[in-house]
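See below for the structure under consideration.
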Amino acid sequence: MNRDDKKDALDRNLTKMFPVGGDGITPEFEQRLLRAVGQQVQHQRRLRMQKRWFVRVSAAAAILIAAILIVPIHDEPIGTITDIRGLVILRNGGQLQAVAGERAVHPRQWIQTQSGTTADVVLSDRSRLTPHPRTALQLDRQKHGHTVRLEKGAVAIEAHKQPPGQYLRVETHGTAIRILGTRLDVRVVEKPTGIKQTHVHLHSGSVELASGGTSTLLLPGMVGIAEEGRAPLGISSVLEVNELRRLLQDTRTRAAQTKAHANMPTIIDYVNSTVWTVVPLDAFKEETPNVYSLRLKYPAFRVQAYTLDGAVAETRAEGRVLHADLSRRPPAAGAVSTIILRIPSATGLFRTADGKTREFIMPAASVPSVTLLQLALPKATTVQAVQGKIIDQIVETSERFGRLIVTLEADSQALQFYE
């Protein structure tokens, strides 16, 4: 500060003090003037000290805030990457690190597997994840337990049994999967339109698949398909079960159009001598709640049972008697329930008439009926004609898995492979 600035400051201070002096210069005035000057000097000093303290405190606060922003939060590890086969990238924000050996993973970190790479991730609750190649997923810890966010790719999951009130959650694009303890595969698939679907293949246990504001329960043997904004769909992982579901719906539609009786459809795999058939639950005998038995025309050993939505039913065999446990998917009260059976070694369904022509006998119906029958024949088979008074038409022919598929509509009784 130069001399003129100092003089101006002194003049301002004196101006503030003059009113206390009154008129005339007396000894009392001089004493009051001295006291006023001293008080003003002390006041100016306190203002300077407060200003310095504020600057120092502000600087310290800025340093503290900067430290909070810079120092990372050290959460407990949420899992460990093990058994790496290829190149795994660990992403923490914008920082990428290649992982070669065993490595701890912290919440909110991303794991990316490159082409041809697989690895295992063991979570702290002992669940195991196996990301497929070209997969990106993030791990997090929430109140309910662990959360896995699958951005792309696929992951196989072996969820350890969860404590009461806890569950493993998998999140994809608009889809959430609630897992209590099970084995499943989750895959994100991008459709040609750019919409991303989530496919869930359940091997054991049960999961709840939610999307579009609704949810469905998946049981072993089922595949769930979901996409953002739409209700999830549960189907079977077995092609023939889904095909019988379609044929049953088609049968009911055709029967309604002709005012005929709708029978249960059947698929006969001539190549493997295997029958897939729909059986009304009324044909079974209820032994205990949700446990049913049925006597077959073939040995019940190796026979498998499914619900119409594709869930696998637990079975056991006693000679030709099949016992099916539907406790995991109890039949709805008052609904017309059915069970799908896979019967292997079902021989004697065809007979050769002249060495070239194969005959299949279907019983005539006493009332107008619609029965859809699908035959899986060797690919080299040539269908020249289908003869028989009860055969209305060939619905369709196609090729699938090296076989000729012929679907027939017949005015006949339903085929019964049980007594």
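Once you place label points 7 Å from the Cα toward the Cβ at residue 350 and residue 185, how far apart are they in nm?
3.2
Tell me, in nm to one decimal, what length is gained between residue 242 and residue 161 on full extension, where the rule is 0.36 nm per residue of separation less the Cα-Cα distance? Let's see the in-between values first.
Values: separation 81, 0.36 × 81 = 29.16 nm, distance 3.03 nm.
Using 0.36 nm per residue and subtracting the Cα-Cα distance, I get 26.1 nm.
Using θ = phi - 60° and the Karplus relation 6.51 cos²θ - 1.76 cosθ + 1.60, list the HN-Hα couplings for region 247-258 in order, rounded to whole Hz, with x at every Gly or Pro.
The phi angles translate into 5, 5, 5, 5, 4, 5, 5, 5, 5, 5, 5, 9 Hz.
In percent, how large is the relative contact order of region 125-221, given Cα pairs closer than 8 Å and 6 or more residues apart? Please report the intermediate quantities before stating the final value.
Details: 240 pairs, mean separation 20.3, N = 97.
Relative contact order, region 125-221: 21 percent.
Taking amide hydrogens as modeled 1.01 Å from N in the peptide plane, which residues meet the under 5 Å criterion relative to residue 339, leaving out close sequence neighbours?
It is 279, 281, by chain and number.
Quick check on packing: order 187-193, 404-410 by the mean number of other C-beta atoms within 10 Å, highest mean leading. Don't skip to the answer; put the middle values down first.
Details: 187-193: 11.7, 404-410: 20.0.
The most tightly packed comes first, giving 404-410, 187-193.
Starting from the Cα gyration tensor of region 231-375, take the square roots of the eigenvalues, sort them a ≥ b ≥ c, and report rounded, prolate or oblate (rounded when a/c is under 1.5, otherwise prolate if a/b is larger than b/c, else oblate). Before the final figure, lay out the partial values.
On the way: a/c = 1.66, a/b = 1.21, b/c = 1.37.
It comes out oblate by the Cα gyration axes.
Taking θ = phi - 60°, what integer Hz values does the Karplus form 6.51 cos²θ - 1.76 cosθ + 1.60 yield along region 140-153, in sequence order, with x for Gly and Pro?
Each residue of region 140-153 in turn: 8, 10, 10, 4, 6, x, 8, 10, 10, 9, 9, 7, 7, x Hz.
Can you tally the net charge around residue 298? Count Lys and Arg as +1, Asp and Glu as -1, for every other residue whose Cβ sits under 11 Å from the Cβ of residue 298. Don't skip to the answer; put the middle values down first.
Numbers: positive: 295, 297, 302, 320; negative: 419.
Once all neighbours under 11 Å are counted, the net charge is +3.
Counting pairs of alpha carbon atoms under 8 Å apart in space and at least six apart in sequence, what relative contact order in percent does region 281-348 give?
On the way: 114 pairs, mean separation 24.5, N = 68.
So the answer I get is 36 percent.
Hey, rough spin-label estimate for residue 360 and residue 235, points 7 angstrom out along Cα→Cβ, what's it come to in nanometres?
Going by the 7 Å Cα→Cβ label model, 2.3 nm.
Pop out the ³J(HN,Hα) list for region 158-165 in order, Karplus 6.51 cos²θ - 1.76 cosθ + 1.60 with θ = phi - 60°, rounded to Hz; leave Gly and Pro as x.
Here the 3J(HN,Hα) series is 10, 7, 6, 4, 8, x, x, x Hz.
Which ordering of 110, 276 is given by a fewest-first count of other beta-carbon atoms within 10 Å?
Working: 110 17, 276 25.
Arranged by neighbour count, lowest to highest, 110, 276 become 110, 276.
Compare the peptides 159-168, 306-315 by average per-residue count of other Cβ atoms within 10 angstrom and give them in order, highest first. Don't skip to the end; give the middle numbers.
Values: 159-168: 14.7, 306-315: 20.6.
Going from most to least packed, we get 306-315, 159-168.
Counting Lys +1, Arg +1, Asp -1, Glu -1, what net charge surrounds residue 377 among other residues with beta carbon under 12 Å of its beta carbon?
On the way: positive: 358, 379, 400, 403; negative: 269, 399.
Summing Lys and Arg as +1 and Asp and Glu as -1 gives +2.
How far apart, in nanometres, would the label points at residue 332 and residue 308 be if each is projected 7 angstrom from Cα along the Cα-to-Cβ direction?
Going from the residue 332 label point to the residue 308 one covers 0.8 nm.
Quick note: the coordinates plus some simple rules give every number you see, no bench work behind them. Quantities reported herein were computed from a predicted structural model and do not represent experimental measurements. So basically every Cβ, Gly included, is an ideal-geometry build from the backbone, and we count neighbours across all protein chains shown.
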